[in-house]
Amino acid sequence: MRLDEVTDIWDRLFGAQPDPPSWLVVVTALLALAVVLVRGPWRVARNAITIAHEGGHALAALLTGRRLRGVRLHSDTSGLTLSAGRPTGPGMAMTLFSGYVAPSLLGLGGAVLLGGNHITLLLWVTVALLLAMLLLIRNPYGVFSVVVTGAVVFAVSWFGSPQVQAIFAYLAVWFLLIGGVRPVGELQTLRSRGRLPDSDADQLARVTHVPALLWVTLFGVVTLVALAIGAWLLGEPILRTAGIAT
């Protein structure tokens, strides 16, 4: 590879793109909201939330010294992360806690990059995270789900025009921020009907002796705060145009 080619890739990766037009920020937010609220699109797109959810469990397990045995993703959008270690203690609690907040925190990280106009960098970081996730998958559907998602992100990052990249990146980040909230509400709804006795919140209650409802509340607080901060970061181009932010 020639030096000028390396320089071109470097500039594409770390260079800052111009502020997106205000309509793009608003339209992608509304589209993401529609995907989250409408049952059919949500049923398909939720696979991305599951990938992030299980990735959060896996990362927390590794960071706390647990032995990660693999991740499974299922076609009903459920997932399972298997790790070995002490069944109680901070490591287990952190591993259990990380799942429901992971999509929102990933969305917040994406909003930080988009706030700095690093659209291409965001897409490439996403591809790298999906490749790392692929190494942990232990079932065929999980491999299929991660490969398809990674292929779409890579195609947009490599072949998409700057405007296509911006639309895709903003839509994806809005979706993570907004879509991270809905599973918390669904969790409590199912718990109240007695259909999730072994949910992350209930396992946390057994590990920490803190009521499960408080853990669900904390999930909700984290996801809503991430959404609020992320929305501010993503909306800064509009605020700058209006003279509200500098």
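Look through the stretch 62-109, keep the residues that are hydrophobic (A, V, I, L, M, F, W, C) and touching a strand residue (DSSP E or B) at 6+ places or on another chain (Cβ under 8 Å), and return whichever of them is surrounded by the fewest Cβ atoms within 10 Å (Cβ to Cβ). Give the derivation first.
Filtering the stretch 62-109 for residues hydrophobic (A, V, I, L, M, F, W, C) gives 62-63, 68, 71, 73, 80, 82, 84, 92-94, 96-97, 101-102, 105-106, 108.
Narrowing the set further to residues that are touching a strand residue (DSSP E or B) at 6+ places or on another chain (Cβ under 8 Å) leaves 62, 68, 71, 73, 80, 82, 84.
Numbers: 62: 14, 68: 18, 71: 26, 73: 26, 80: 14, 82: 16, 84: 10.
Result: 84.
Filter the stretch 78-109 for residues that are small (Gly, Ala, Ser) and not in a strand (DSSP E or B) and give the result. Lay out the reasoning, then the answer.
Of the stretch 78-109, the ones small (Gly, Ala, Ser) are 78-79, 83-85, 89, 91, 93, 98-99, 102, 104, 107, 109.
Of everything in the stretch 78-109, those that are small (Gly, Ala, Ser) and not in a strand (DSSP E or B) turn out to be 78, 85, 89, 91, 93, 98, 99, 102, 104, 107, 109.
Since residue 142 meets every condition but one in (1) within 30 Å of residue 207 (Cα to Cα); (2) surrounded by fewer than 22 Cβ atoms within 10 Å (Cβ to Cβ); (3) touching a residue at least 24 places away in the same chain (Cβ under 8 Å), which condition does it not meet?
(2)
Pick from the stretch 55-74 the residues that are of a type in the set (A, V, I, L, M) and without any contact (Cβ under 8 Å) to a residue 60 or more places away in the chain: which of them is nearest to residue 98 (Cα to Cα)?
Looking at residues that are of a type in the set (A, V, I, L, M) and without any contact (Cβ under 8 Å) to a residue 60 or more places away in the chain, I get 60.
Going by the structure shown, is residue 180 under 21 Å from residue 81 (Cβ atoms), touching a residue at least 40 places away in the same chain (Cβ under 8 Å) and touching a Ser or Thr at 6+ places or on another chain (Cβ under 7 Å)?
Yes; evaluated as a whole, the condition is true for this residue.
Here's the yes/no breakdown for (1) at pLDDT 95 or above; (2) among the aliphatic types (A, V, I, L, M); (3) crowded, with 18+ Cβ neighbours inside 10 Å; (4) assigned to a helix (DSSP H, G or I):
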{"site": "203", "(1), (2), (3), (4)": "yes, no, yes, yes"}
{"site": "215", "(1), (2), (3), (4)": "yes, no, yes, yes"}
{"site": "221", "(1), (2), (3), (4)": "yes, yes, no, yes"}
{"site": "245", "(1), (2), (3), (4)": "no, yes, no, no"}
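Can you spot a residue in the stretch 75-92 that is under 25 Å from residue 187 (Cα atoms) and among the charged types (D, E, K, R)?
yes
The values are calculated or read from the model by the stated rules, or taken from the named source; none is laboratory data. Keep in mind the model is a prediction, meaning the values are calculated, not measured. Positions of Cβ are backbone-derived with ideal geometry, glycine not excepted, and every protein chain shown enters the neighbour counts.
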